[in-house]
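Below you'll find the structure I mean.
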Amino acid sequence: MREARGDWTDEEHDPEGFALTFEWQAAEGARAQHLGELLELDHAELRVDAGGYGVCSTCGSAIPAEQLELRPARTTCVACTDRT
């Protein structure tokens, strides 16, 4: 897709233009989301190393293990998340 997009310059008159743009935007959106998730996991790893993993950053309560299984990078407990 990157190669096809690099060769094309006129989306308006290219029958494949819209499809390429749509696919490119979807791929870039997924890439950005995955990079964000990796960054959150890196931060979670730092909290593990510092001994603060699984502790709510707002109230200091323990975050339930079930919630950490669903979202390992979670930084707030459910109660604090619901308040925001």
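Apply the Karplus curve 6.51 cos²θ - 1.76 cosθ + 1.60, θ = phi - 60°, to the phi angles in segment 28-35 and return the couplings in whole Hz, x for Gly and Pro.
Computed from phi, the couplings for segment 28-35 are 5, x, 5, 4, 5, 5, 5, 5 Hz.
Would you please give the residues with an amide H less than 5 Å from that of THR58, counting only those at least 5 places away or on a separate chain, with H modeled from the backbone geometry?
For THR58, the qualifying residues are CYS77.
No value in this document is a laboratory result; all are computed from the given coordinates. Here the structure is a predicted model, which means the values were calculated and not measured.
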